[in-house]
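Worksheet: the structure to be examined is printed underneath.
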Protein chains: 2
Amino acid sequence: MKVPFAVLASGSGTNMQALLDHEDHGAAYRIELLIVDRPCAAEERARVKGRAVYRVDFGCQSVGDEVVGLLDRHGVRGVLLAGFLKLLPPEVCRAYGGAILNIHPALLPAFGGKGMYGHHVHEAVLRSGATMSGPTIHFVNERYDEGRILAQWPVPVEPDDTAHSLAERVLEVEHLLYPAAADALARALGREEPAPTFRWPGTGIPAGQDLKESIESAFGGAVE
Amino acid sequence: MKVPFAVLASGSGTNMQALLDHEDHGAAYRIELLIVDRPCAAEERARVKGRAVYRVDFGCQSVGDEVVGLLDRHGVRGVLLAGFLKLLPPEVCRAYGGAILNIHPALLPAFGGKGMYGHHVHEAVLRSGATMSGPTIHFVNERYDEGRILAQWPVPVEPDDTAHSLAERVLEVEHLLYPAAADALARALGREEPAPTFRWPGTGIPAGQDLKESIESAFGGAVE
């Protein structure tokens with residue numbers, strides 16, 4: 001018995017697509033419905049898979065009760081935000097607290113907050129000179145990007161990166177990290193266990209090198 | 001001919017020690033003097049190596065000119081902050097702009113700013129749930145931790161970490177990353193080249209695994 005999940009999206013829905021695709025590979029969840037706040041490509045992706053799609057007016061006062069009603073009607077246990085650009089109504093946060101995940105394309109708490117979505121995030125990373133980025137999966141509360149972090153994965157920023165090239169590199173990891181996180185959450189919910197944990201298993205060191213030589217080889221621009 | 005550098009410190013001076021030790025392994029810089037703002041263990045470390053040590057009152061109005069005077073007297077070309085807790089006087093920033101580095105024990109721009117030093121940084125990392133941390137080397141300007149980032153290196157946060165255990169893991173990387181960054185800066189200054197560049201050479205993936213399996217193995221707490 002799969003754990004019923006909902007996705008909320010506002011855009012192209014590529015992260016939702018990765019979540020849907022993962023269902024065919026033994027995921028512990030099933031996405032029962034998609035809720036969108038505007039016409040978007042995610043709707044068609046969900047329909048192709050035969051899932052319920054609801055377009056909801058998030059400017060409406062009763063939106064919180066309306067969304068909770070839809071989630072309850074489908075027996076939803078967990079909520080996944082996938083490129084959803086509105087704040088989640090407090091009624092939804094209260095009803096599903098601890099079972100709502102979001103994905104952000106940078107290492108929170110850096111490069112988060114209001115207005116930080118899509119290319120704005122990657123442009124801010126490049127402006128800062130940060131030499132690492134990568135996706136963050138976090139629990140959602142009533143403020144933007146401030147819920148507890150569940151998982152992060154490091155991605156190098158290349159010296160000649162554009163926002164586009166960096167976004168592509170981070171997205172490749174997003175499409176693996178989000179399904180794995182959703183799966184871990186579904187398993188935990190299915191057994192009424194506490195939230196899943198995560199440990200980045202890497203070392204930062206390329207295979208066959210030690211830390212010292214890999215650090216020394218990382219600096220360029222003034223090499224002999 | 002080694003490029004003359006100065007270190008500013010306020011504490012135990014372990015990063016300065018790593019910088020001094022690296023001189024014996026072909027570093028392009030030589031630390032000519034240490035400036036401190038208070039009695040601290042760093043002073044003795046510098047004296048053991050026969051370096052000039054100056055204790056300066058950073059509460060004094062003329063401190064900027066005094067520090068620039070000391071740096072000029074020793075022919076300094078670059079300045080390295082190593083656990084120095086005061087703001088650098090604007091006169092020093094103007095005189096040495098682009099040739100002043102600092103090290104921070106987390107991935108800036110997260111976990112930086114006023115009051116964020118030592119164990120405060122690691123405690124904030126643990127509170128956030130961040131699953132990665134690691135040192136940042138950045139250029140220094142007149143505000144705390146806001147200069148352009150030169151280099152970062154990822155370090156895993158373990159689920160059972162304390163501020164102490166996380167600090168130790170980050171410190172091990174700091175003691176290799178800072179000498180390598182100082183060396184890259186010295187080489188660039190020695191040749192009047194632009195600032196050095198940095199590219200993290202890792203992939204985040206443990207040796208012998210692919211991205212998908214390493215991500216899936218990273219989630220725990222609800223495993224079958």
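The values are calculated or read from the model by the stated rules, or taken from the named source; none is laboratory data. All figures in this text were calculated on a predicted structure; none of them were measured in a lab. Cβ atoms come from the backbone with ideal geometry, glycine included; neighbour counts cover every protein chain shown. Heads up: the accessible areas ignore ligands, DNA and RNA and are worked out on the full protein's heavy atoms, side chains in. Shrake-Rupley method; radii C 1.70, N 1.55, O 1.52, S 1.80 Å.
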How many nm separate the modelled label positions at B:ARG47 and B:ARG127, each set 7 Å beyond the Cα in the direction of the Cβ? 3.8 nm
Interface size B-A, as summed buried accessible area [1.4 Å probe, Å², nearest 100]: 5100 Å²
Cut-off under 25 Å on the C-alpha distance; same-chain residues fewer than 8 positions from A:LYS49 excluded. Which lysines are left, in chain and number order? A:LYS2, A:LYS86, B:LYS212
For A:185-196, mean number of other protein chain Cβ atoms within 10 Å: 2
At 7 Å along Cα-to-Cβ for each site, give me the label-to-label distance between B:ASP21 and B:ASP72 in nm. 3.6 nm
For a label point 7 Å from the Cα of A:SER165 along Cα→C-beta, name the residues of segment B:77-120 whose backbone N is under 15 Å from it. none
For chain B, what's the relative contact order in percent, using C-alpha pairs closer than 8 Å and at least 6 residues apart? 19 percent
With point charges of +1 on the Cβ of Lys and Arg and -1 on the Cβ of Asp and Glu, referenced to the Cα centre of the protein assembly as shown, which listed residue (B:LEU176, A:VAL63, A:GLY129) lies farthest in the positive direction of the dipole? A:VAL63
Across the Cα atoms of segment A:3-218, what radius of gyration and what greatest pairwise Cα-Cα distance (Dmax) are found, in Å? 17.8, 59
In terms of the Cα gyration tensor, with a ≥ b ≥ c the square roots of its eigenvalues, is segment B:1-114 rounded because a/c is under 1.5, prolate because a/b exceeds b/c, or oblate? rounded
Share of accessible surface on carbon and sulfur in the protein assembly as shown, whole %, 1.4 Å probe and ligands ignored, is 50 percent
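Rounded to the nearest 5, what is the percent of antiparallel bridges among the DSSP beta bridges in chain B?
35 percent
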Hey, got the dipole for the protein assembly as shown? About the Cα centre, +1 on K and R Cβ, -1 on D and E Cβ, debye to the nearest 20? 500 debye
At B:CYS60, with labels set 7 Å past Cα in the Cβ direction, how many nm apart are the copies from this one, shortest first? 7.1
Charge-dipole axis of segment A:3-218 as Lys and Arg at +1 and Asp and Glu at -1 on Cβ define it, positive-most pick from A:HIS74, A:ALA99, A:SER10: A:HIS74
Ranked by accessible surface with a 1.4 Å probe, highest first, in what order do A:ASP210, A:ASP183 come? A:ASP210, A:ASP183
Can you list, shortest first and in nm, the gaps between the label point of A:GLY97 and those of its counterparts in the other copies, using a point 7 Å from Cα in the C-beta direction? 5.0
Report the residue, chosen from A:ALA163, A:ALA207, A:ALA151, that carries the largest GNM mean-square fluctuation when chain A is represented by alpha-carbon nodes joined by springs under 10 Å. A:ALA207
Quick one: label points 7 angstrom along Cα→Cβ at A:GLU168, distances to the other copies in nm, smallest first? 4.3
In Å², and per residue, what accessible area does chain A have when probed at 1.4 Å with the other protein chains present? 42 Å²
Name the residues whose placed amide hydrogens come within less than 5 Å of the amide hydrogen of B:VAL53, ignoring near sequence neighbours (fewer than 5 apart) on the same chain. B:LEU34
Do any residues of segment B:92-123 lose at least 30 Å² of accessible area when the full set of protein chains is present rather than just their chain alone, and if so which, with a 1.4 Å probe? B:PRO109, B:ALA110
